[in-house]
């Protein structure tokens, strides 16, 4: 079996129409498809829903369900807000800064840009409370290779200790960051 790509990723939303308009306005996603049923196809439960599909670029689809007969949406109280998020790749820092300005102009709080050494990103929430990240790659092939060389060692050490391994400490050392800032 070989996975070809992600067919779609689905989340719940509070309001399908608001969600479509928001993603069109801020992230320029096209509205691809709407499916509405009064019965869930897989379980046959009588539960009306609106299922919307948005074009996230490069064949990627971001989908949402509005399910009005279910209890109100809530977050997992045991998971910090920064953990669960959807990260979307942009081509340039100029694109990121333009989207950040548009969001902030409408009163949407944006964190960043945050420098992760391998990429820079901004974070914000959509109208349903989903955390989004927009990222622009800044890594080099050499950086990627260094990380690839130690990934299994890092994972093995983490599995044993549950403490951050030091194999990629170079990513956070000031000298490295300064040397590679304009690469």
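The values are calculated or read from the model by the stated rules, or taken from the named source; none is laboratory data. Keep in mind the model is a prediction, meaning the values are calculated, not measured. Quick reminder, even Gly has a Cβ in these numbers, built from the backbone with ideal geometry, and neighbours come from all protein chains shown.
Yes or no, residue by residue, for (1) within 14 Å of residue 22 (Cβ to Cβ); (2) surrounded by 14 or more Cβ atoms within 10 Å (Cβ to Cβ); (3) in the same structural domain as residue 17 (by TED's automatic domain parsing):
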{"site": "94", "(1), (2), (3)": "no, no, no"}
{"site": "109", "(1), (2), (3)": "no, no, no"}
{"site": "112", "(1), (2), (3)": "no, yes, no"}
{"site": "128", "(1), (2), (3)": "yes, yes, no"}
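Among the residues of the range 41-80, the one identified as in a loop (DSSP other than H, G, I, E, B), in contact with a strand residue (DSSP E or B) (Cβ under 7 Å, 6 or more places away or on another chain) and within 28 Å of residue 3 (Cα to Cα) is 56.
Scanning the range 81-131 for residues that are in a strand (DSSP E or B) and touching a helix residue (DSSP H, G or I) at 6+ places or on another chain (Cβ under 8 Å), which turns out modelled with the lowest pLDDT? Step by step, filter the range 81-131, then rank; the result is 115. Within the range 132-155, the set of residues being part of a strand (DSSP E or B) and either without any contact (Cβ under 8 Å) to a residue 24 or more places away in the chain or surrounded by fewer than 16 Cβ atoms within 10 Å (Cβ to Cβ) (or both) comprises just one member, 137.
Taking the range 60-83 as the range and being closer than 30 Å to residue 38 by Cβ and surrounded by fewer than 15 Cβ atoms within 10 Å (Cβ to Cβ) as the test, the residues that pass are 68, 69, 70, 71, 72, 73, 74, 75, 76.
Of the residues in the range 28-36, at least one is touching a residue at least 12 places away in the same chain (Cβ under 8 Å), more than 20 Å from the chain's Cα centre (by Cα), surrounded by fewer than 12 Cβ atoms within 10 Å (Cβ to Cβ) and not assigned by TED's automatic domain parsing to the domain that holds residue 132.
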